[in-house]
Amino acid sequence: MLEALTLILVCQLVGEVSVLITGLPVPGPVLGMLLLLAWLFLRGGVPESVGRAADALLAHLSLLFVPAGVGVLVHWERMRGQWAAIAAALVLGTLITLAVTALTMKAVTRLTGRGGSDNG
Amino acid sequence: MADDPFTTLWVYLAASPLLWLSLTLVCYLIALRIYRLGGESPWFNPVAIAVALLIGLLLLTDTPYQTYFDGAQFVHFLLGPATVSLAIPLYRERHRLQRLALPIVAALLAAVLTAASSAIGLGALLGASTETLISLAPKSVTAPVAMGISEKLGGLPSLTAVLVVSTGIVGAVLGTGLFRLLGIRDDAIKGFALGATSHGIGTARAFQVSPVMGAFAGLAMALSALVTALLLPPLLARFMASGG
C-alpha cells in the first residue's frame, strides 16, 4: 500500500515538475496519469497493491470535491451579480453537453455496427 | 466570555486543521446516509448535501472559508493523486477502448467542444465577464485539471472549482431523466456521457447505477481531462485574441 501510494505521488510530482520546467500546456496530474499509464503498459499489468490504492482513492471521489464546493461562499457576490449567465451555462450547458455526447456516441456506435456494451 | 470553557475549547479547536477536516468527513457521511434514505435518488446528491451542511456550519459559527480550507485542504489535495489514479481504470478498460475506439473518439471530441462552447456561448449571451467566461470554459473536467487550465488562461481557479462541482452535481442530478427522455438505454453510452460532462461526481453517480456505466464514466472522465487540457488552452487563446 505504501509503495503504491508513493508511486502515485511520485508520478504526480514528476508530472508537476515537468510542466513547470517545460511549460507544457497540460496540468501536472494529467501528465502524471500518462506516466503511470505508460508504466502500466511497460509492466504489462496492474500490481495488486496499486490497483487497491487507486480503487480506494476513486471509491470516494465525490468526497474530494466537497472542499472546493464550499468555496461557493467566497464567490457568492460575483455569482449573484452574474447569476443568469452562470445558471444558464451550468444547467443548459450541462444538459446540452450530456445530450450531444450521448447522441454522438449512439450514432457512431450504430454506424460502425458494434454494440456499446456486452448487454447493450 | 473568554473564560467560558466552551469558548476556550472552541478557540483551541478552531485554530487546528483537525476540526474542519473531521467535520468535512462527518458532513459527507451524513450526506451519504441521507442519499441512501432517499432511495439513492439523484436528487439527494451527496456532494450537494455535504456542501450545504458545511456552508450552514461555517455561517453559523462565523468561520471564514480560509480557516475551513486550512483543515479541508487535506481532502482537496487528494484530487491530484486521484487524477493520476485514473490511469488504472483506463488500463483495465484498454480492450474495450480499442474495440469502441471510433465511437469513443467521436463522443469525446463532441463532449469537449460542446462543453466549452456551450458554457462560453451561454455565458457571453447573458453578459458574464471575461474572467467568469474563462473560469466557466473548463467546468466539465475534474477539478485539478480545470483549475490548472483556468489559471493558465487568466481565469479564477477557485471560481472554476466551484463551477466544476456545480456542473458535476447538475449532471448527476439531471442525467438519468435526460437519458430517459432521449431514449438512451445503453449503459456504456450513459456512463460515457456522464463522465465526460460531469467528471468525478458524474462517475460516482454512474458507479451507483451499474459497474459498466461506472467504468465508462471513469474512462470518459480521464480522456476528457486529457483532451481538454491539450485542446482548450490553444483554442481559447485564439478565441480570446479574435473576438473576446
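Scan region B:14-60 for residues that are away from chain A (no Cβ under 12 Å), β-branched (Val, Ile, Thr) and touching a residue at least 40 places away in the same chain (Cβ under 8 Å) and the total you get is 0.
Screening the candidates A:87, A:107 for the property of being among the small types (Gly, Ala, Ser), more than 7 Å from chain B (Cβ to nearest Cβ) and under 16 Å from residue B:193 (Cα atoms) yields one hit, A:107. Of the helices (runs of 4 or more DSSP H) lying entirely inside region B:52-119, those carrying at least 3 residues that are touching a helix residue (DSSP H, G or I) at 6+ places or on another chain (Cβ under 6 Å) and under 30 Å from residue A:107 (Cα atoms) are B:87-92.
Reported count of residues in region B:5-24, each being assigned to a loop (DSSP other than H, G, I, E, B) and modelled with pLDDT under 80, is 1. Only one entry of A:9, A:36, A:92 meets the criterion of being within 7 Å of chain B (Cβ to nearest Cβ), out of contact with any strand residue (DSSP E or B) (no Cβ under 8 Å at 6 or more places or on another chain) and in contact (Cβ under 8 Å) with a residue 24 or more places away in the chain, and that entry is A:36. Do the conditions hold for residue A:68, that is, is it among the aliphatic types (A, V, I, L, M) and under 25 Å from residue B:165 (Cα atoms)? The answer is yes for residue A:68. Just one residue in the set B:212, B:170, B:227, B:162 is in contact with a His (Cβ under 6 Å, 6 or more places away or on another chain), in a helix (DSSP H, G or I) and among the β-branched types (Val, Ile, Thr); that residue is B:162. Scoring residue A:99 on the criteria (1) surrounded by fewer than 18 Cβ atoms within 10 Å (Cβ to Cβ); (2) facing chain B (nearest Cβ under 7 Å); (3) among the hydrophobic types (A, V, I, L, M, F, W, C) leaves a single failure, condition (1).
Of the numbered criteria (1) over 21 Å from residue B:223 (Cα atoms); (2) surrounded by 14 or more Cβ atoms within 10 Å (Cβ to Cβ); (3) not small (Gly, Ala, Ser), the one residue A:22 fails is (2). Checked across region B:140-154, the condition of being more than 30 Å from residue A:48 (Cβ to Cβ), assigned by TED's automatic domain parsing to the domain that holds residue B:175 and part of a loop (DSSP other than H, G, I, E, B) holds for at least one residue.
Yes or no, residue by residue, for (1) buried (at least 24 other Cβ atoms within 10 Å of the Cβ); (2) at pLDDT below 95; (3) over 26 Å from residue B:215 (Cβ atoms):
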| residue | (1), (2), (3) |
| --- | --- |
| B:101 | no, yes, no |
| B:107 | yes, no, no |
| B:110 | no, no, no |
| B:113 | no, no, no |
| B:127 | no, yes, yes |
| B:156 | no, yes, yes |
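The values are calculated or read from the model by the stated rules, or taken from the named source; none is laboratory data. Note that this is a predicted model, so its numbers are computed, not measured. Counting neighbours? That spans all protein chains shown, and the Cβs are built from the backbone with ideal geometry, glycine included.
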